[in-house]
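Read through the structure below, which is laid out as structure tokens, and then see the notes.
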Amino acid sequence: MWIVPRIWKFTDSINTDDILPGKYAPYMVGEDVFQNYAFAHLRADFASNMQAGDILLAGKNWGLGSSREYAPKALKKLNVGAIIAQSFARIHYRNLVNLGIPAFTSYKAYGLFNDSENVSFDYKNAVLSSANHEIRLEPVPRFLQESLELGSVLEYYKKYRRFPSEDIG
């Protein structure tokens, strides 16, 4: 499935409080609006300008800090297309997977693609391209691909009444 998103580029060590500051947690501002505060302190224009399918591109250690599930949940509610980072904090990566947000690791992508650049992304075949570059990311495992197509790991469980036996990080 090809989508034509835009890149939102972030640095190393973006933590869950950068993604969604605690004062904007759903229980503070409301379950229906908390996503509107994603990256409020780093990129105040993010939530209002982000379009469904846009790609977040980051350096090392994306999602470090607490394991707040509402940070990736805000990204899910905004329909982020995927997150491509040089590395992920383990618990945050698991939260992304559980919520059905495609997450790929790539050291090469960070140096090739620019903030606000329009790209084409085939998440099923893990191909990211622009007018100047095309790279293949390491594809996600088959069960995870199916989980993403179903919407989340929970939807996978509902369909098969079991969690996948493959390691998901």
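So the values come out like this:
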item: 13 Å tail of the calculated P(r), the stretch 77-117, as % of Cα pairs; result: 57 percent
item: Of the chymotrypsin sites (Phe, Trp or Tyr not before Pro) in the stretch 42-136, those whose Cβ has at most 12 other Cβ within 10 Å and which sit in DSSP loop; result: Tyr107
item: Lys108 versus Glu31: modelled label distance in nm, points set 7 Å from Cα along the beta carbon direction; result: 4.3 nm
item: Under 5 Å, built H, 5+ apart or other chain: amide partners of Ile84; result: Leu56, Leu57, Ala58, Phe104
item: DSSP beta bridge pairing in the chain, given as percent antiparallel to the nearest 5; result: 45 percent
item: Estimated translational D of the stretch 31-70 in µm²/s (Stokes, Kirkwood radius over Cα pairs; 4 °C; 1.567 mPa s); result: 109 µm²/s
item: Neighbour count of at most 14 Cβ within 10 Å plus DSSP loop: longest trypsin sites (Lys or Arg not before Pro)-free window in the chain; result: 1-123
item: Three semi-axes of the equivalent ellipsoid, the stretch 11-169, Cα gyration tensor, whole Å, largest first; result: 22, 22, 14
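Read-outs: derived from the displayed coordinates by stated rules, not from any lab. Computed from a prediction, not measured in an experiment: that's the story for all the values here. With ideal geometry, Cβ positions are generated from the backbone for all residues, glycine too; neighbour counts draw on all protein chains shown.
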